[in-house]
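Structure first, commentary second.
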Amino acid sequence: MAGQIVSDEVLTTRRLRMVEEQIVRRGVTDPAVLEAMRRVPRHLFVPSDMIESAYDDTPLPIGCGQTISQPYIVASMTEQVGLTSSSKVLEIGTGSGYQTAVLAEIARKVYSIELLSALADRAERILNNLYPATVRLQTGDGNDGWPEEAPFDAIMVTAAADKIPSKLLNQLTVNGRMIIPVRLERSDLQELVLARKTSKGVSYEVLYQVRFVPLKRGLH
Ligand code: SAH
């Protein structure tokens with residue numbers, strides 16, 4: 001199919017341009033985040049008939065009614081959650097595995113939970129190949145976090161919750177950060193919330209409006 005004949009060279013050029021035009025230009029500055037976005041081959045994570053669009057400034061469907069986030073949102077959330085090379089990170093909503101890969105480029109260890117096994121299985125094949133020592137995956141409901149591996153220095157939720165799951169906050173280290181889209185009551189609007197845990201408690205900052213698929217509760 002014509003749409004699939006795109007050389008690696010062309011894809012790399014598009015990826016570098018994506019970082020400059022969509023991410024640097026909109027104000028992301030963390031060098032580790034920019035380098036991760038330059039390195040991760042986003043085209044491997046989108047459905048094969050969407051490779052042509054992999055580096056476009058947009059979210060894309062990944063099957064099962066779910067989406068891979070827009071590149072800028074991935075970069076911005078990664079910057080805000082404040083990773084270092086020693087961070088242990090929990091992600092809820094593996095989806096395509098693209099955000100997981102960006103986290104894995106920067107952090108020491110990434111744990112990610114996906115509810116839908118069809119998506120989890122596909123992401124696992126790609127991530128086990130690219131980051132066998134860094135990424136661990138689980139299929140199931142992420143609302144309960146991953147208690148056996150807690151605490152985490154950073155938690156990223158990539159689906160919109162009705163309220164912030166307290167079990168996830170409990171699995172954050174002191175000085176840890178959690179980023180999560182939260183749906184406003186009786187509204188379609190969602191706000192991206194950054195929670196910071198200190199020895200005195202948790203503070204919340206609303207960053208900007210977003211549009212994510214819903215964080216589901218339990219198996220269905
Ligand atoms: N970070 C992903 C975005 C995926 S969209 C990417 O880069 O592709 C959000 C994902 O959250 C979907 O795959 C959806 O199935 C998953 N999800 C929804 N509710 C969940 C839950 N309770 N636990 C774990 N995953 C959930």
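Here is how the numbers come out for the structure above:
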read-out	value
Of all DSSP beta bridges in the chain, antiparallel share, percent nearest 5	45 percent
Selected from THR67, MET77, SER203, residue furthest toward positive end of dipole (the chain; charges at beta carbon)	SER203
Rounded if a/c under 1.5, otherwise prolate or oblate - the range 63-220, Cα gyration tensor axes	rounded
Within the range 91-187, GluC sites (Glu not before Pro) in DSSP loop having at most 10 other beta-carbon neighbours inside 10 Å	GLU185
Over the chain: helical MRE at 222 nm, DSSP H runs n ≥ 4 each giving -39500 (n - 2.57), nearest 500	-7500 deg cm²/dmol
Residue pairs, from the table LYS163/LYS197; LYS109/LYS200; LYS167/LYS216; LYS88/LYS216; LYS109/LYS216, whose Cα atoms sit over 21 Å apart	LYS109/LYS200; LYS88/LYS216; LYS109/LYS216
Label-point separation in nm, GLU21 to ASP162, each point 7 Å along Cα→Cβ	4.1 nm
Order of LYS167, LYS88 - criterion: other Cβ atoms within 10 Å of each residue's Cβ, fewest first	LYS167, LYS88
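Every number in this text was worked out from the coordinates using simple rules, so none of it is lab data. All of these numbers come straight from a predicted model, not from anything done at the bench. Note that each Cβ is placed from the backbone with ideal geometry, even for glycine, and that neighbours are counted across all protein chains shown.
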